[in-house]
Every structure is written in C-alpha cells, then in structure tokens.
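First up is the structure itself, then whatever we jot down about it.
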Amino acid sequence: MSNGYIGLIGLGAIGAPLARILYKYYGDRFILVSDDEHAARLKSGRISINGDLFCPKVITPQDHADEKLDVLFICVKNYSLDSAFRDMDELISDDTLLMPLQNGLYSYDFLRERFPANVVLEGFAQGPNTRIYDYDIVYQNPGTYYLGKTHADYRTYAVDIYELLEKAGVPCVLSDDIRHAMWCKLMLNVAGNALTALTDLDYVMFRNSPEAQKVCRTIMQEFRFVAATEDVLITAADISDVMEYFMTYKESKRTSMLEDVINKRQTENEYIAGYIKRLAEKNGVAAPFTDMLYSIMRIKEDVYLGRI
C-alpha cells in the first residue's frame, strides 16, 4: 500500500472510535469523506470525541480534490449508502480499496455492484458503545474491527488493511472465514437489536433478564435454519458465543437500534431482521419469531417517524 490518504465516511457509532484512533496515529494522512449534506457539521470545528476536539481534513466530491484515497472505511448506515456514494466517482479511483464495516451483509453487495473495478473487502465492527450528543461523541469501548476477504486473490489486500489498523492501535482481527463471522454478527444483530429497541434493554439489564435471554436464543435457533438455506453453517457453539458476548460485555451498552429509537431516527431494521425475514420467505423456511420482531419494530418506527 502506498502513502496515500486513509479515508473514512460515516462518523457515527462505528466510525467515530475508528476515526479517532486513525487520526491520532496517521495525522494529516487521515481524512473524512462526506456528502454535501453532512460536510458543514464535520467542518464546523465543534466536534469532540471523548473530550478532544476532532478536526481532520474533510473533503466532498464537489471539492474535486486531488487526494488519492488508498483505502476508504465505510461506516454509514445501510440505508444511506446510495445517497452517500451518488457522486463519489471523483474521489474513488479504481485503486481505492473499499472496506465496509456496517451491520448486515447488504453493503458488500452494494459496493461490489457500484464499484466493479475496485477491491471490496468484507468486515464489521463489534462492541463499540458510542453515544452521540449533537457535536459531542463519547465511548468507553472502541469495539473490535473484523476484516477478511471472499476472493482468495484478495488475501494480500486484507493483510495490508489489517496491518494499517494494527499499527495505529485499532483492536482488529484478520479472519480466515470472514463470511461466517459476518453471518454470526448478523445473528447477534437479528437476535438483539429489535428486542432491545422495543424494550429499552441495555446489556447490563440483559444479563438479569431470563425472558430476554430466552427470546434471544429462540431467534438464533430460527436464524440457524435460514442460514443453512444459504449454505452457511451456524453451530450451537456460535449461538453460545453470542450469548456469552451479551452476558459478559463489561461496560454499559445500548444497541445501535436502541440508540436510533431513543433519538427517533430511522433504524436498520430492514437490513437486519428484514433481511432474514425475506430470505426465509424466499427459501421456504418458517421464521415466525423473527417476522414478529421485525413487524413490531417496523410499526414502532413508522409511528415515531410519522409514516402512518
């Protein structure tokens, strides 16, 4: 990898901890990429992360910048991908490596179709407990960033990005089976996100709620059958690992979907439970509990967003 720029788009729950660590280590080599809608906030000079002012360079497609992006970490919500990348051809060359880190599986397929000439790795973030209060962003746990490759010939690129993150001090894992890891993360999201968003449950409360644990296990058992129709093997050990993660998380944490509900924002319900619901329907597998959670979450979101 050359000494070009390291870009990141999406300064939210996933992107903020990663951006802070990369900026502290790489300095002016790190830049924020933004569409025009969000650029003014990012350029305001008022954003702080964990009490420190956060003022890296911000570029938009309209800047017609000459900066060469070696890699772009993509942390925007799934539903914002289309608008975020509408005019990005000025900034993303065929040599730019794309590293999506969102929940679910949608972003990888979107980017492969939108930028067919580029290397697109696969990855996700697990565990950041970020909270955003207007211009102030705080977290205690930056989470762990997982990455890997689907195509065998992308191994070198995955190693390059892993080394770039590790050198900066980003907690990261280079997975030998990133596809399976992403399905396990999706299972965690499907089982936990809508449940917590509908009940105001944080991870500390989850540990003390046998009822929440029962619902979570039931959803994951459904998930196993749906995943199998896509030739993904989810084991009992995978389910136990997710439960252990929920039960042993050290700090207070809300899921991203609960944060969205609290702040009356659009959620990623369509890309999490909705994704599995649609797969189950397509492949003729019953997933009634997932369907129910999806539907109730959809109603709640429709109500507070004024869609019904």
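The values are calculated or read from the model by the stated rules, or taken from the named source; none is laboratory data. From a predicted model like this one, the values you see are computed outputs, not experimental measurements. Note that we place each Cβ from the backbone using ideal geometry, even for glycine, and neighbour counts take in every protein chain shown.
For A197, only one of the following conditions fails: (1) without any contact (Cβ under 8 Å) to a residue 24 or more places away in the chain; (2) assigned to a helix (DSSP H, G or I); (3) within 20 Å of the chain's Cα centre (by Cα). What is its number?
The number of the failed condition is (1).
From the list L101, L97, pick out the single residue that is aliphatic (A, V, I, L, M) and under 16 Å from the mean Cα position of the chain (by Cα).
L101
Got a sec? Which strands (runs of 3 or more DSSP E) wholly within the stretch 1-100 have at least 2 residues that are aliphatic (A, V, I, L, M) and farther than 25 Å from Y135 by Cα?
Here the list reads 69-74, 97-100.
Taking into account only those residues within the stretch 292-308 that are of a type in the set (A, V, I, L, M, F, W, C) and assigned to a helix (DSSP H, G or I), which is surrounded by the most Cβ atoms within 10 Å (Cβ to Cβ)?
Residues of the stretch 292-308 of a type in the set (A, V, I, L, M, F, W, C): 292-293, 296-297, 299, 303, 305, 308.
From the residues that got through so far, the ones that are assigned to a helix (DSSP H, G or I) too are 292-293, 296-297, 299, 303.
Details: M292: 14, L293: 25, I296: 16, M297: 23, I299: 12, V303: 10.
Checking each candidate, the answer is L293.
Output the residues belonging to the stretch 140-184 that are under 24 Å from Y275 (Cβ atoms) and either free of Cβ contacts under 8 Å to residues at least 24 places away in the same chain or touching a Pro at 6+ places or on another chain (Cβ under 6 Å) (or both).
Correct list: G143, T144, H151.
Taking the stretch 3-20, which residues are hydrophobic (A, V, I, L, M, F, W, C) and more than 13 Å from L42 (Cα to Cα)?
First pass over the stretch 3-20, keeping only residues hydrophobic (A, V, I, L, M, F, W, C): 6, 8-9, 11, 13-14, 16, 18-19.
The answer is I6, A13, I14, L18.
Residues of the stretch 33-47 being surrounded by 15 or more Cβ atoms within 10 Å (Cβ to Cβ) and touching a residue at least 40 places away in the same chain (Cβ under 8 Å), which ones? Spell out how you get there, then give the answer.
If we filter the stretch 33-47 for residues that are surrounded by 15 or more Cβ atoms within 10 Å (Cβ to Cβ), which is where we start, we get 33-35, 38-39, 42-43, 47.
If the condition is that a residue be surrounded by 15 or more Cβ atoms within 10 Å (Cβ to Cβ) and touching a residue at least 40 places away in the same chain (Cβ under 8 Å), then V33, D35, I47 are the ones that fit.
For the condition assigned to a helix (DSSP H, G or I), more than 21 Å from the chain's Cα centre (by Cα) and in contact (Cβ under 8 Å) with a residue 60 or more places away in the chain, what is the one hit in E222, E259, E211?
Every option except E222 fails the conditions.
Give me the residue from the stretch 229-239 that is among the aliphatic types (A, V, I, L, M) and in contact (Cβ under 8 Å) with a residue 24 or more places away in the chain and, out of that set, farthest from T150 (Cα to Cα).
Across the stretch 229-239, the extreme among qualifying residues is I239.
Anything in the stretch 225-244 that is farther than 12 Å from L186 by Cβ and of a type outside the set (F, W, Y)? List them, or say none. Break it down into steps so the answer makes sense when it comes.
Taking the stretch 225-244 as the starting set, the residues that turn out to be farther than 12 Å from L186 by Cβ are 225, 228-229, 231, 233, 235-237, 239-241, 243-244.
Matches in the stretch 225-244: A228, T229, D231, L233, T235, A236, A237, I239, S240, D241, M243, E244.
Can you pull out the residues in the stretch 275-291 that are surrounded by fewer than 20 Cβ atoms within 10 Å (Cβ to Cβ) and closer than 19 Å to L186 by Cβ?
Matches in the stretch 275-291: R278, L279, E281, K282, N283, V285, A286, P288, F289, D291.
Which of the following residues is within 30 Å of M247 (Cβ to Cβ) and either at pLDDT 95 or above or assigned to a helix (DSSP H, G or I) (or both): R155, R112, R179?
Numbers: R155 fails: within 30 Å of M247 (Cβ to Cβ); R112 fails: within 30 Å of M247 (Cβ to Cβ).
After ruling out the rest, the residue left standing is R179.
One residue is enough: does the stretch 251-274 have a residue meeting the conditions surrounded by 15 or more Cβ atoms within 10 Å (Cβ to Cβ), small (G, A, S), within 24 Å of Y139 (Cα to Cα) and in contact with a helix residue (DSSP H, G or I) (Cβ under 9 Å, 6 or more places away or on another chain)?
Yes.
Kindly list the number of the only condition in (1) over 15 Å from the mean Cα position of the chain (by Cα); (2) more than 19 Å from N78 (Cα to Cα) that fails for A191.
So A191 meets the others, but not (2).
From I137, I161, grab the single residue that is hydrophobic (A, V, I, L, M, F, W, C), outside any strand (DSSP E or B), touching a strand residue (DSSP E or B) at 6+ places or on another chain (Cβ under 7 Å) and within 27 Å of D63 (Cβ to Cβ).
I161
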